[in-house]
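Below is one structure, written out as structure tokens, with a few remarks after it.
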Amino acid sequence: MKYLTPVSFVFMLNIFGGCAKQHVEYSIEEFMNTTSYSGSSFSPDERSILFTSNKSGIYNAFKVDINSGETSQLTQSDTNSVFAISYFPNDERILYRSDNGGDELHHIFLLNTDGSVKDLTPGDNVRARFYGWAYGEESFYFGSNKRDARFMDIYRMDIASFQYNLIYKNDDALDFGAVSNDEKFIALSKEHTRYDSDMYLYDIVSKEKKHISVHSSEINYSPSYFSVDSKDLYFLTDEGSEFMYLKRYEIESGSVEKVQEEDWDIWYSYISRKGRYRVTGINADSKTKIKIRELNMDRTLRLPRLPDGDITSVSISKTESKFSFYHGGAKSPPNLYVMDLDTKKYQKLTDSKNPIIDESNLASVEVVRYKSFDGKKIPAVFYRPPHANTKNKVPALVWVHGGPGGQSRVGYRSLIQYLTNHGYAVLAVNNRGSSGYGKTFQSLDDRDHGGGDLDDCVWAKSWLKKKYFIDPDRIGIIGGSYGGFMVMAALAFKPAEFDVGVNIYGVTNWVRTLKSIPPWWEPFKESLYRELGDPNTMEDYLYSISPLFHAENIIKPTLILQGANDPRVLKVESDEMVDAIKKKDTPVEYVVFDDEGHGFIKKKNQITANQAILRFLDSHLKNKES
């Protein structure tokens, strides 16, 4: 008699549905009883950390005591989300930003220790961005479009008087990069396309701007930071490479040298205040990889070994004795940690996940590749429901990220895990045009949106259908923003391919969207027009790829979700799409949130949206008539 090994036995149980443990489905309230944490700023005495959390149901500023672990809520907003920026350098006042119902017109606010609040960047239809503290700690730099809605001028605000001065009048629509510690130079950049940009050095005293990235071919340049002594500018570039890497520019001589190169894009790089550590974030095949280099010892710091997941968002304290970081995985939302750099001891400061939820009931995650129509291999992130097997075949969804040029990445996604827990496999595709896989791959969808990129989504079905635990006759498509456009393009241009579509604030009329982009997007307008098409000269082409004008082809049930205050995809766009689908008597459902913009960030609205999506899918996909 031949006996099965333990591994073979478990494998057979999984295939034939004989696992002893019963799968548990959680309610949306249980799923959303997780807490989101982000950001970190050490207090001046380095005894507490400032962060942002939606523990109260809406994002507010909190602090946590490192020794006791006690958390305190600092802001009490119950309407507009608050996002913590930083402690003041030498006292426990804080800066935070907030907009009005998701309109993206953020202002910078001061929260005093007595609880009083002051808007430091007031004005109607004004948008402000915090750029960083001056090295001398007596002021901070910020951008504002109060002079001209199109341009983010650069200002310096004194923190004793809260008076500010214009430092750079930004009529060229440049992006702020960094300011030198001696406050003599500002590094700026100009994006022409997603793979072609220029870099400039602005002398604050002489008011001269020098182009320091003269090139004849398409190359990206992006300033990162100045050296502590202000003699060098470090920047990212893809010159001669598919991927971004770090170089150093010596300001006096103009000489350039390579500093750090990886097998994937370096996303960002910065140094600690005294220059002891350099932190580098790498986008390694849809996962984040952090490297901390101890420069004076010429060695790489060993990071804590934690369960499956990624370390992200490293912040080093001013004394360089501690650093904070986040760690999370596909089954666990990120949590805030702190580590002592001398003792190498670390501690977890937050607990994001609802303890009721057993991770064995959540989807496992795998980075995969599948072949598309032209043989090109398309990367994707696959979420498999734990209870899917031959006796319990599940429907599947093709998930399309935002952008264009975004990326589906490995990590905790509450909506995806909610859907997989309730019996849906999800393949989050990184169709051609996605970032993270080299500039050639990223350029493949230019002036071809709804073409090859859509075909990549359609061909994802072939990969899904080969899985023995997936029902090949029940496959839908879902996505937000640009992903929402892809959903509607699939339903309008490939009407027989997917059984349902879920469009989350997606573009349906490119002519309107490109003509109505927010004025503060002026620096990116040239790049958008080059990639998608100029609505002033290519209107016919843009009409041809806009699903709204092909709605008569839509025959499959559709769900559309929209924020009323969305400044990027206007609500009227979704209104018209819904009306056009109704004219064909195709089933369509519409959910609008009056207090949201381009993304739903209030927990009550996330609950409503996710519930509506599951209910729609259960009705029109899982339980559809064969």
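Every residue, every condition in (1) buried (at least 21 other Cβ atoms within 10 Å of the Cβ); (2) under 29 Å from the mean Cα position of the chain (by Cα); (3) at pLDDT 95 or above; (4) of a type in the set (A, V, I, L, M), yes or no:
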position: ASP114; (1), (2), (3), (4): no, no, yes, no
position: ALA128; (1), (2), (3), (4): yes, yes, yes, yes
position: GLY136; (1), (2), (3), (4): no, no, yes, no
position: VAL179; (1), (2), (3), (4): yes, yes, yes, yes
position: THR193; (1), (2), (3), (4): no, yes, no, no
position: LYS207; (1), (2), (3), (4): no, no, yes, no
position: GLU218; (1), (2), (3), (4): no, yes, no, no
position: PRO223; (1), (2), (3), (4): yes, yes, yes, no
Pick from the range 352-373, criterion within 22 Å of the chain's Cα centre (by Cα) and touching a residue at least 60 places away in the same chain (Cβ under 8 Å), ranking: nearest to TYR418 (Cα to Cα):
ALA363
Subset of the range 165-183 (residues that are out of contact with any helix residue (DSSP H, G or I) (no Cβ under 9 Å at 6 or more places or on another chain) and in contact (Cβ under 8 Å) with a residue 40 or more places away in the chain):
PHE176, GLY177, ALA178, VAL179, SER180, ASN181, ASP182, GLU183
How many residues does the range 413-441 hold that are among the small types (Gly, Ala, Ser) and either outside any loop (DSSP other than H, G, I, E, B) or closer than 17 Å to ASP358 by Cβ (or both)?
4
Considering only residues that are in a helix (DSSP H, G or I) and either crowded, with 20+ Cβ neighbours inside 10 Å or among the polar types (S, T, N, Q) (or both), which ones fall in the range 442-454?
GLN442, ASP453, LEU454
Of VAL569, VAL511, VAL500, which residue is under 21 Å from VAL429 (Cα atoms) and aliphatic (A, V, I, L, M)?
VAL500
For the range 467-526, enumerate the residues that are among the charged types (D, E, K, R), in contact with a helix residue (DSSP H, G or I) (Cβ under 7 Å, 6 or more places away or on another chain) and in contact (Cβ under 8 Å) with a residue 40 or more places away in the chain.
ARG474, LYS494, ASP499, ARG512
Complete set of residues in the range 238-256 that are more than 25 Å from GLU183 (Cβ to Cβ) and either part of a strand (DSSP E or B) or among the charged types (D, E, K, R) (or both)
ASP238, GLU239, GLU242, TYR245
Which one is nearest to the chain's Cα centre (by Cα), of the residues in the range 574-595 that are within 18 Å of THR513 (Cβ to Cβ) and crowded, with 18+ Cβ neighbours inside 10 Å?
SER574
Reported set for the range 442-477 where residues are in contact with a Phe, Trp or Tyr (Cβ under 7 Å, 6 or more places away or on another chain) and closer than 19 Å to ASN623 by Cα is ILE475, GLY476, ILE477
Among the residues of the range 583-602, is any assigned to a helix (DSSP H, G or I) and either assigned by TED's automatic domain parsing to the domain that holds LYS571 or within 20 Å of GLY476 (Cβ to Cβ) (or both)?
no
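Yes or no, residue by residue, for (1) part of a loop (DSSP other than H, G, I, E, B); (2) under 27 Å from LYS209 (Cβ atoms):
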| site | (1), (2) |
| --- | --- |
| THR79 | yes, no |
| LEU110 | no, no |
| ASP114 | yes, no |
| VAL126 | yes, yes |
| PHE142 | no, yes |
Any idea how many residues of the range 540-578 are touching a strand residue (DSSP E or B) at 6+ places or on another chain (Cβ under 9 Å) and acidic (Asp, Glu)?
3
If we scan the range 274-293, do we find a residue that is within 23 Å of GLY136 (Cα to Cα), crowded, with 16+ Cβ neighbours inside 10 Å and of a type in the set (Phe, Trp, Tyr)?
yes
Contact list please: Cβ distance under 7 Å, first residue in the range 454-465 and modelled with pLDDT of 95 or more, second residue in a helix (DSSP H, G or I), pairs at least six apart or on different chains.
LEU454/MET486; LEU454/ALA489; LEU454/ALA490; LEU454/PHE493; CYS457/MET486; CYS457/ALA490
Looking only at the range 81-108, filter to residues that are part of a loop (DSSP other than H, G, I, E, B) and of a type in the set (A, V, I, L, M, F, W, C); which one of those is farthest from ALA61 (Cα to Cα)?
LEU105
For the range 359-388, enumerate the residues that are assigned to a strand (DSSP E or B), touching a helix residue (DSSP H, G or I) at 6+ places or on another chain (Cβ under 6 Å) and either basic (Lys, Arg) or surrounded by fewer than 21 Cβ atoms within 10 Å (Cβ to Cβ) (or both).
TYR370
Please list, ordered by first then second residue, the pairs with beta carbon atoms under 8 Å, 6 or more apart or interchain, first in the range 107-136 and in contact (Cβ under 8 Å) with a residue 24 or more places away in the chain and closer than 25 Å to ASN565 by Cβ, second among the small types (Gly, Ala, Ser) and surrounded by fewer than 18 Cβ atoms within 10 Å (Cβ to Cβ).
ASN125/ALA149
Out of SER527, SER546, I need the residue that is farther than 25 Å from VAL591 by Cβ and of a type in the set (Gly, Ala, Ser). Which one?
SER527
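The values are calculated or read from the model by the stated rules, or taken from the named source; none is laboratory data. Nothing here was measured: the structure is a model prediction, and the numbers come from that model. Virtual Cβ from ideal backbone geometry, glycine too; neighbours counted across all protein chains shown.
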